[in-house]
């Protein structure tokens with residue numbers, strides 16, 4: 001009778017990215033949905049103003065360290081000033097005044113989460 005149904009896990013929550021003058025933070029839900037990868041690629045779609053995190057290996061060129069299983073905290077925060085400047089310039093934001101939060105869409109086939117920065121809200 002339940003053929004075709006899939007379990008929905010409400011405990012995971014919503015994947016978000018928060019960006020402010022102190023860094024780029026990914027929610028616990030984002031990290032868990034990606035499978036708690038140690039490394040990811042950070043991708044920018046300049047024309048559509050979207051960013052994505054995609055599961056990668058340590059050997060992947062340009063991969064960033066992501067989840068550290070030795071830490072008790074599951075969320076991830078990067079304090080990379082070059083990345084902050086790139087996003088600030090792309091979006092014409094001023095992180096000295098505001099921070100922003102965007103919701104992500106997990107794409108299982110790509111092992112990636114995509115965030116549309118055009119839909120980001122001020123924090």
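Among 114-121, 51-58, the peptide with the highest mean count of other Cβ atoms within 10 Å heads the list, and the full ranking is 51-58, 114-121. Maximal additional length on extending the residue 123-residue 6 stretch stands at 38.7 nm, based on 0.36 nm per residue less the C-alpha distance.
Tell me the label only: which of (1) 1.08; (2) 0.94; (3) 1.00 is Rg/Rh (Cα atoms, Kirkwood Rh) as calculated from this structure? Only one option fits the structure, namely (3). Each part reduced to its alpha carbon centroid, the stretch 20-34 and the stretch 51-123 end up 6 Å apart.
In this simple spin-label model, placing a label point 7 Å from the Cα along the Cα-to-Cβ direction at both residue 72 and residue 105 gives a separation of 3.7 nm.
Across the stretch 17-122, the mean sequence separation of Cα contacts (distance under 8 Å, 6 or more residues apart), normalised by length, yields a relative contact order of 36 percent. Placing dummy labels 7 Å off each Cα toward the beta-carbon, the span from residue 82 to residue 21 is 2.3 nm.
If R0 is taken as 35 Å, the Cβ-Cβ distance between residue 92 and residue 60 corresponds to a FRET efficiency of 0.70.
Every read-out reported here was derived from the displayed coordinates using simple, explicitly stated rules and does not represent laboratory data. Being a predicted model, the structure only gives us computed values, none of them experimental. Cβ coordinates were reconstructed from backbone atoms using ideal geometry, including for glycine residues, and neighbour counts include every protein chain displayed.
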